[in-house]
Amino acid sequence: MNIMKKQSWYISENEVTDESLFNKRRDFLKLGAAALVSSSLVAEKLAAVETTPRKALSFKKTSFGRGLELNSFDQASTYNNFYEFSLNKKDPAKLAHTLKPSPWEVEVSGEVENPMYIDLQEIMNKYPLEERIYRFRCVEGWSMVVPWIGITLAHILKKAKPTSKAKYVKFITELDPEMFPDQKRGIFGNVPYPYVEGLRMDEAMNDLTFMAVGMYGKVLPNQNGAPIRLVVPWKYGFKSIKSIVSIELVEEEPLNTWKEINSREYGFYANVNPKVDHPRWSQAKERKLGSFFKHKTEMFNGYSEEVASMYKGMDLRKLY
Ligand SMILES: Nc1nc2c(c(=O)[nH]1)N[C@H]1C(S)=C(S)[C@@H](COP(=O)(O)O)O[C@H]1N2
Ligand SMILES: [Mo]
């Protein structure tokens, strides 16, 4: 037996991995015996690690995020929040093979002159894809830097032509219990499905707001939200909804899933803000995946120049 004495600098695994924060967040979900059973099932499936080769995409490089140090593909694709598969971050990479990203269509509807269905093949083959390197910050306190490939949401919305009544955009994840095991639990599950998110119209049209179909040069791995997901880099990660099937332009602010689960702790705006703490933990610092030390959280996750003007006159303390 090799028992090491703890050094003064020793930080327990829990503190480093943020698993403790994750668990705190999870407290609010109705975790019953079912969840425990499913996590042992997950262990049996450990062998089924995703090995599917990803299709390469053609895209244009851009200057977004130049100079930022990228996380590795392995880091970004094996530490995921995707509750439709599991509440444990290591599980989606092992379980997401049940998600069938093709064929796939996204419906664009509601307050638009030109409602449409967009085929994912059409986006991948005909739209002008570009690469953008963005910071990504989860509300739990971990962060990463990822090279996403996709198009701006504005590109899609302009094709659909929003009417003057369009004030918000509502996004919905696919609802299909055959693809997403946690959805099978219905009202006894952890999360009210389908997962819903929303943006105000100006946020949706902001040039940073991105619809990703790929990362690290190739199509998205299922666990990162294939075949198409939102990326809003100045907001906490839960806004960046995965595996989208519906984009609806609406008049009223949509109720997003985490606000529905716990409106005291998660809001609609959810802008990254080091000065507004989560009711149960500080947001002043964050830890980038793979790095040992924490660093300071930046206002709007470092994107103030591009987005701060949208929130002039609003009480940022209430924007959580
Ligand atoms: N449909 C759906 N979208 C989702 C989630 C989810 O559970 N389901 N989790 C969110 C959260 S909390 C985060 S931090 C990011 C994680 O994205 P990643 O796994 O690509 O890092 O996805 C967001 N989008
Ligand atoms: Mo998150």
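The values are calculated or read from the model by the stated rules, or taken from the named source; none is laboratory data. Nothing here was measured: the structure is a model prediction, and the numbers come from that model. Reconstructed Cβ throughout: ideal geometry from the backbone, glycine too, with neighbour counts over all protein chains shown. For the accessible areas, the whole protein counts, side chains as well, though only heavy atoms, and no ligand, DNA or RNA atoms are used. Shrake-Rupley method; radii C 1.70, N 1.55, O 1.52, S 1.80 Å.
For residue 245, are the conditions met, namely being assigned to a strand (DSSP E or B), more than 16 Å from ligand 2 (Cβ to nearest atom), surrounded by fewer than 23 Cβ atoms within 10 Å (Cβ to Cβ) and at pLDDT 95 or above? Steps first, please.
Working: assigned to a strand (DSSP E or B): yes; more than 16 Å from ligand 2 (Cβ to nearest atom): yes; surrounded by fewer than 23 Cβ atoms within 10 Å (Cβ to Cβ): yes; at pLDDT 95 or above: yes.
Criteria met by residue 245.
For residue 216, all conditions in the list (1) more than 21 Å from residue 75 (Cβ to Cβ); (2) more than 10 Å from ligand 1 (Cβ to nearest atom) hold save one; what is the number of the exception?
(1)
How many residues, within region 256-297, are part of a strand (DSSP E or B), under 27 Å from residue 173 (Cβ atoms) and without any contact (Cβ under 8 Å) to a residue 60 or more places away in the chain?
Final tally of qualifying residues: 1.
Which condition number does residue 133 fail, the rest of (1) open to solvent by 10 Å² or more (accessible area, probe 1.4 Å); (2) within 16 Å of residue 205 (Cβ to Cβ); (3) in contact with a Phe, Trp or Tyr (Cβ under 7 Å, 6 or more places away or on another chain) being met?
Among (1) open to solvent by 10 Å² or more (accessible area, probe 1.4 Å); (2) within 16 Å of residue 205 (Cβ to Cβ); (3) in contact with a Phe, Trp or Tyr (Cβ under 7 Å, 6 or more places away or on another chain), the lone unmet condition for residue 133 is (2).
For residues that are out of contact with any Leu (no Cβ under 6 Å at 6 or more places or on another chain) and of a type in the set (Ser, Thr, Tyr), scanning just region 194-222, find the one that is most open to solvent (accessible area, probe 1.4 Å).
Selected residue: 216.
Inside region 295-312, can you point out the residues that are among the small types (Gly, Ala, Ser) and open to solvent by 70 Å² or more (accessible area, probe 1.4 Å)? Explain how you work it out, then say what you get.
Within region 295-312, the first condition is being among the small types (Gly, Ala, Ser), and the residues that meet it are 302, 304, 308-309.
Matches in region 295-312: 309 only.
Check whether at least one residue in region 174-192 is of a type outside the set (D, E, K, R), crowded, with 24+ Cβ neighbours inside 10 Å and either under 28 Å from residue 73 (Cα atoms) or at pLDDT 95 or above (or both), and report yes or no. First the steps, then the outcome.
The initial filter retains those residues of region 174-192 that are of a type outside the set (D, E, K, R), namely 175, 177, 179-181, 183, 186-192.
Among the residues that remain, those that are also crowded, with 24+ Cβ neighbours inside 10 Å are: none.
Looking for residues that are of a type outside the set (D, E, K, R), crowded, with 24+ Cβ neighbours inside 10 Å and either under 28 Å from residue 73 (Cα atoms) or at pLDDT 95 or above (or both), one finds none in region 174-192, hence no.
I need the full set of residues from region 57-86 which are open to solvent by 50 Å² or more (accessible area, probe 1.4 Å), within 16 Å of ligand 1 (Cβ to nearest atom) and not in a loop (DSSP other than H, G, I, E, B), in order please.
Within region 57-86, 73, 74, 75, 78 meet the criteria.
Is one or more of the residues making up region 137-154 at pLDDT 95 or above and either open to solvent by 30 Å² or more (accessible area, probe 1.4 Å) or farther than 19 Å from residue 232 by Cα (or both)? So that I can check it myself, show each step before the final result.
Filtering region 137-154 for residues at pLDDT 95 or above gives 137-154.
When the remaining residues are screened for being either open to solvent by 30 Å² or more (accessible area, probe 1.4 Å) or farther than 19 Å from residue 232 by Cα (or both), the result is none.
No, there is no match, as no residue in region 137-154 is at pLDDT 95 or above and either open to solvent by 30 Å² or more (accessible area, probe 1.4 Å) or farther than 19 Å from residue 232 by Cα (or both).
Does residue 256 qualify as being within 14 Å of ligand 2 (Cβ to nearest atom), surrounded by 13 or more Cβ atoms within 10 Å (Cβ to Cβ) and within 17 Å of residue 232 (Cβ to Cβ)? So that I can check it myself, show each step before the final result.
Details: within 14 Å of ligand 2 (Cβ to nearest atom): yes; surrounded by 13 or more Cβ atoms within 10 Å (Cβ to Cβ): yes; within 17 Å of residue 232 (Cβ to Cβ): yes.
So residue 256 fits the description; yes.
Looking at 225, 237, can you tell me which residue is open to solvent by less than 60 Å² (accessible area, probe 1.4 Å), within 16 Å of ligand 2 (Cβ to nearest atom) and at positive phi?
So the residue among 225, 237 that is open to solvent by less than 60 Å² (accessible area, probe 1.4 Å), within 16 Å of ligand 2 (Cβ to nearest atom) and at positive phi is 225.
Going by what's in this entry, would residue 119 be described as surrounded by fewer than 20 Cβ atoms within 10 Å (Cβ to Cβ), of a type in the set (Asp, Glu) and in contact with a strand residue (DSSP E or B) (Cβ under 7 Å, 6 or more places away or on another chain)? Spell out how you get there, then give the answer.
Working: surrounded by fewer than 20 Cβ atoms within 10 Å (Cβ to Cβ): yes; of a type in the set (Asp, Glu): yes; in contact with a strand residue (DSSP E or B) (Cβ under 7 Å, 6 or more places away or on another chain): yes.
For residue 119, the condition - surrounded by fewer than 20 Cβ atoms within 10 Å (Cβ to Cβ), of a type in the set (Asp, Glu) and in contact with a strand residue (DSSP E or B) (Cβ under 7 Å, 6 or more places away or on another chain) - is met.
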